[in-house]
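Below is one structure; the comments refer to it alone.
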Ligand SMILES: Nc1ncnc2c1ncn2[C@@H]1O[C@H](COP(=O)(O)OP(=O)(O)OP(=O)(O)O)[C@@H](O)[C@H]1O
Ligand SMILES: [Mg+2]
């Protein structure tokens, strides 16, 4: 059975300005600001949390079902994802809005002027999981990652009513959601993914302490940056896994998504939570070492080699028969 990965799908447009924004701003005239910065460098990166997670799973040999809303401008990005093995047959394509886009201009002082256009993503609330479930013939797990907030709540409600197992991944949306919405999002989840800061934020916003959260969700997976991660369940001993290292830290964007891709891949293969966490950490080490969130690459041998170096031969041997062919 397949995994459905729901959430944002976006492109990032990153520009760099060879000067200082501040030199072009006149504080007394800001009420009628009209400035244009001539930039020499533009990089367009594929991103969006669901797309990053689905890409990572496909790298390991899965064919996850990507669930989200995009615009008609999505063709080139879609063919990239399909080429890597992501199932893009169930996307909602907006007739009027472009795919979500993050546009940021960074000056030589690292000052930034950014805008996020949600665009088609706001139509994700119109997505129903039922028809997708019928078409793919069953879903083993549904990941609900940051998206249009109404879509996130709809997906979790639908998972509960259809008896589908789901993983809640509220991440940055925690900052914008109120306690009642977060409670509705995570209640009944088989897994709750957060980093350690978000774990504390979940507790303070929901008013549920960690024991209460463990009564509501099956397993909590808490990532801690360079300090690795913990897997916590009410009825099992806590598992702590160190980060995969040493790793050259080039760009941390998307490490959390890479971690989820590895962890979910381990679940799909029926491996233990410890192996899942090791797989997650190994994928995130590749993300960390490259600029961009879907630019990393590895072949089977290299991936298994890194897994072995970090977590031992038993880990590599257990993963080896499952790991997909090189793409
Ligand atoms: N500096 C690091 N060195 C090695 N591994 C790291 C480092 N930072 C992150 N990782 C790996 O990535 C995993 C996820 O990292 P982190 O907890 O920072 O996620 P996050 O805060 O959700 O990141 P983001 O939202 O920016 O993608 C960690 O559990 C670890 O395995
Ligand atoms: Mg994160």
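The values are calculated or read from the model by the stated rules, or taken from the named source; none is laboratory data. Note that this is a predicted model, so its numbers are computed, not measured. Please note: Cβ atoms are built from the backbone with ideal geometry, for glycine as well, and neighbour counts cover all protein chains shown.
Residue-wise test of (1) more than 14 Å from ligand 1 (Cβ to nearest atom); (2) surrounded by fewer than 21 Cβ atoms within 10 Å (Cβ to Cβ); (3) without any contact (Cβ under 8 Å) to a residue 60 or more places away in the chain; (4) in a loop (DSSP other than H, G, I, E, B).
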{"residue": "160", "(1), (2), (3), (4)": "yes, yes, yes, no"}
{"residue": "173", "(1), (2), (3), (4)": "no, no, yes, no"}
{"residue": "200", "(1), (2), (3), (4)": "no, yes, yes, no"}
{"residue": "203", "(1), (2), (3), (4)": "yes, yes, yes, no"}
{"residue": "212", "(1), (2), (3), (4)": "yes, yes, yes, no"}
Is it the case that residue 323 is assigned to a loop (DSSP other than H, G, I, E, B), over 18 Å from residue 86 (Cα atoms) and touching a helix residue (DSSP H, G or I) at 6+ places or on another chain (Cβ under 8 Å)? no
Examine the range 32-42 for a residue that is exposed (fewer than 12 other Cβ atoms within 10 Å of the Cβ) and assigned to a strand (DSSP E or B), and state whether such a residue exists. yes
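Residue-wise test of (1) in a loop (DSSP other than H, G, I, E, B); (2) touching a helix residue (DSSP H, G or I) at 6+ places or on another chain (Cβ under 9 Å); (3) away from ligand 2 (no atom under 16 Å from the Cβ).
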{"position": "262", "(1), (2), (3)": "no, yes, no"}
{"position": "282", "(1), (2), (3)": "no, yes, yes"}
{"position": "301", "(1), (2), (3)": "no, no, yes"}
{"position": "315", "(1), (2), (3)": "no, yes, yes"}
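Give the residue that is nearest to ligand 1 (Cβ to nearest atom), with candidates limited to residues of the range 175-195 that are assigned to a helix (DSSP H, G or I) and touching a helix residue (DSSP H, G or I) at 6+ places or on another chain (Cβ under 8 Å). Can you show your working first?
Kept after step one, since they are assigned to a helix (DSSP H, G or I), are these residues of the range 175-195: 175, 179-186.
From what's left, touching a helix residue (DSSP H, G or I) at 6+ places or on another chain (Cβ under 8 Å): 175, 179, 181-186.
Numbers: 175: 12, 179: 21, 181: 20, 182: 16, 183: 21, 184: 22, 185: 17, 186: 16 Å.
Here the residue is 175.
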Of all residues in the range 242-258, how many are over 11 Å from residue 286 (Cβ atoms) and crowded, with 24+ Cβ neighbours inside 10 Å? 2
Scanning the range 264-280 residue by residue, those more than 16 Å from ligand 2 (Cβ to nearest atom), in contact with a strand residue (DSSP E or B) (Cβ under 8 Å, 6 or more places away or on another chain) and in contact (Cβ under 8 Å) with a residue 40 or more places away in the chain turn out to be 267, 268, 273, 274, 276
Tell me, please, whether a residue that is at pLDDT 95 or above, in a strand (DSSP E or B), under 17 Å from the mean Cα position of the chain (by Cα) and farther than 16 Å from residue 127 by Cβ can be found in the range 62-84. no
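Considering only the range 2-16, I want to know if a residue exists there that is part of a helix (DSSP H, G or I) and touching a residue at least 12 places away in the same chain (Cβ under 8 Å). Give the steps one after another, and end with the answer.
Filtering the range 2-16 down to residues part of a helix (DSSP H, G or I) leaves none.
For the range 2-16, residues part of a helix (DSSP H, G or I) and touching a residue at least 12 places away in the same chain (Cβ under 8 Å): absent.
Restricting to the range 94-122, give me the number of residues that are in a strand (DSSP E or B) and over 27 Å from residue 265 (Cα atoms).
From the range 94-122, those in a strand (DSSP E or B) are 100-106, 112-117; that's our starting set.
Adding the requirement that they be over 27 Å from residue 265 (Cα atoms) leaves 101-106, 112-117.
So the count comes out to 12.
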Can you list residue pairs whose Cβ atoms sit under 7 Å apart, with the first residue in the range 238-257 being at positive phi and modelled with pLDDT of 90 or more and the second being more than 6 Å from ligand 1 (Cβ to nearest atom) and not in a strand (DSSP E or B)? Count only pairs 6 or more apart in sequence or on different chains. 254/52; 254/287; 254/293
Yes or no: the range 274-286 includes at least one residue that is under 22 Å from the mean Cα position of the chain (by Cα), more than 10 Å from ligand 1 (Cβ to nearest atom) and closer than 15 Å to residue 49 by Cα. no
